[in-house]
Amino acid sequence: MVEKRKIVLVGTGFVGMSFAYSLLNQGGVNELVLIDKDTDKAEGEAMDLAHGLSCAPSNINIKSGEYSECKDANIVVITAGVNQKPGQTRLELAKINTEIMKEITEKIVATGFKGTFIIATNPVDIMTYVVAKISGFPKNKIIGSGTVLDTARLRYILGEYFSINSKNIHAYIMGEHGDTSFVPWTHCYIGCKKITEMLEEKHQDLSILEDIYKDTQQAAYEIINKKKATYYGIGIALTKIVKAILNDEEQILTVSTEVDGEYKHKGMFIGVPAIINSNGVREILELRLTEKEQEQFDFSCNTLQNVIKTEIDPLLK
Ligand code: NAD
């Protein structure tokens, strides 16, 4: 018997459909159901995707549908909501997208869904918190895309700088998927060599690392200014998280997960390296942060907590 591998996608906009297209190209699932409040859009997208099936690596039952489809899904991916406009920060979307997350999560939970949630809607750390609060699901089954995309961007930019394949760059962006993220540079390697050591040997100034981080952090703003939205990068990043779960991959990904004392914080969702397998988040990988890195992590947590306490918690009562 074929093992069931069913994904439901809620939100068939740019991000949702980039994820769906990436999944179609990579294969490995046997059902994909598209849901959107704009039912015509979901239907049209399902038709368009399905027409590519004879060219895809494996067959997938692709259709648009109702929330009842979530009942027996392995994973529900949520990409519904408002996106950033030029000049807008992700945190400015918090209130409006909280209302959308509440509505969607309640509908999903009402079906008896027992799988794993993956959330990409921004501000993703806060939206992941909202889904956790509304669903009451165990924390291993609530995963935000966190800084998986930021980490991929950082690896790309470092790869270009050093002329090394980005797959050999082991560097992570941690913290908020947003302006207060940071790189724990003391834990960044090219292959098995420390990046800081590599720069020192080449007599290069370590301040280049700050420039590389800034380019990474500003990438979304730059793309939004040029083409109004970002979606391919997050689309393939979501596929990576989905496959890590479905294939029980034990992959280390900087997802947004609930910290419970790790990195000296608890009760909130934030991007940290975590091991992902078929149970969702297996465990958080704790790095020994330097004093400065810990301060950066604290600042990121405090920024998110301020928004949660002042703007989000009152909406969840
Ligand atoms: P979009 O406007 O293209 O698509 C949003 C979709 O959500 C639309 O099809 C809309 O009809 C649907 N929707 C809205 N409210 C809904 C509801 N109540 N129920 C069901 N569907 C609903 O936007 P996009 O560019 O696809 O961005 C989606 C989200 O992803 C935004 O919040 C954006 O900021 C975020 N994003 C996250 C990352 C990341 O790294 N996590 C990267 C890029 C974008």
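The values are calculated or read from the model by the stated rules, or taken from the named source; none is laboratory data. Nothing here was measured: the structure is a model prediction, and the numbers come from that model. FYI the Cβ positions are ideal-geometry reconstructions off the backbone, even for glycines, and counts take in every protein chain you see. Areas reflect the complete protein model, heavy atoms only, side chains present, ligands, DNA and RNA absent. Shrake-Rupley method; radii C 1.70, N 1.55, O 1.52, S 1.80 Å.
Annotations
- Full extension of the chain between Ala110 and Lys214 gives 33.2 nm of extra length, using 0.36 nm per residue less the Cα-Cα distance.
- Ala229/Leu315 FRET efficiency (R0 22 Å; Cβ-Cβ; nearest 0.05): 0.30
- Probe 1.4 Å, all protein chains present, accessible-area order of His265, His170, largest first: His170, His265
- Scalar couplings 3J(HN,Hα) for region 305-314, obtained by applying the Karplus form with A = 6.51, B = -1.76, C = 1.60 to θ = phi - 60°, are 4, 4, 5, 4, 5, 8, 10, 9, 3, x Hz; x denotes Gly and Pro.
- Derived scalar couplings ³J(HN,Hα) [region 254-271; Karplus, 6.51 cos²θ - 1.76 cosθ + 1.60; whole Hz; x for Gly, Pro]: 7, 7, 8, 9, 7, 7, 10, x, 5, 6, 6, 9, 8, x, 9, 9, 7, x
- Extreme residue, positive dipole direction of the chain, given options Met268, Leu287, Ser163 (C-beta unit charges): Met268
- Cα-centre dipole for the chain with unit charges at Cβ (Lys and Arg positive, Asp and Glu negative), debye to 20: 500 debye
- For region 46-116 versus region 183-248, the inter-centroid distance based on Cα atoms is 26 Å.
- Antiparallel DSSP beta bridges within the chain, percent to nearest 5: 50 percent
- Amide H contacts for Ser256 (H built 1.01 Å from N in the peptide plane; partners 5 or more residues away or on another chain; cut-off under 5 Å): Gly144, Ser145, Gly146, Thr147.
- Cα pair distances exceeding 18 angstrom across region 73-152, given as percent: 36 percent
- Take the Cα of Asn247, step 7 Å toward its Cβ, do the same at Asn165, and the gap between the two points is 1.5 nm.
- Residues of type lysines that Lys6 reaches as a straight line, Cα spacing below 19 Å, ignoring anything fewer than 8 places off in the same chain: Lys63, Lys71, Lys107, Lys114, Lys141, Lys240, Lys243
- Under a 5 Å amide H cut-off, with hydrogens placed 1.01 Å from N, Arg5 pairs with Asn30, Glu31 among residues at least 5 apart or on other chains.
- Cβ-defined net charge surrounding Asn83, 10 Å radius [Lys, Arg +1; Asp, Glu -1]: +3
- Straight Cα distances below 19 angstrom link Lys85 to the lysines Lys95, Lys226, Lys227, Lys228, with same-chain residues fewer than 8 positions distant left out.
- Calculated P(r) of region 148-316 - Cα pairs past 28 Å, %: 24 percent
- Partners of Lys41 within straight-line reach, counting aspartates and glutamates whose Cα lies under 20 Å from its Cα and excluding those fewer than 8 residues away in the same chain: Glu31, Glu66, Glu69, Glu103.
- Apportionment of accessible area to carbon and sulfur, the chain, percent (1.4 Å): 51 percent
- Computed FRET value (nearest 0.05) for Ile96 with Glu66, which takes r as the C-beta separation and R₀ as 25 Å: 0.55
- With semi-axes defined as the square roots of five times the eigenvalues of the C-alpha gyration tensor, the equivalent ellipsoid of region 1-103 measures 26, 15, 12 Å, largest first.
- Using every pair of separate Cα atoms, the Kirkwood estimate puts the hydrodynamic radius of the chain at 19.9 angstrom.
- Ser64 long-range amide H proximity, modeled H, under 5 Å: Leu34
- Phe14 contributes about 120 Å² of solvent-accessible surface, heavy atoms of the protein only, 1.4 Å probe.
- 3J(HN,Hα) from dihedral phi, region 101-110, Karplus parametrisation 6.51/-1.76/1.60, rounded to Hz, x for glycine, proline: 4, 4, 4, 5, 4, 4, 5, 5, 5, 4
- Between Cys55 and Tyr156, the modelled labels are 2.2 nm apart [label points 7 Å from Cα along Cα→Cβ].
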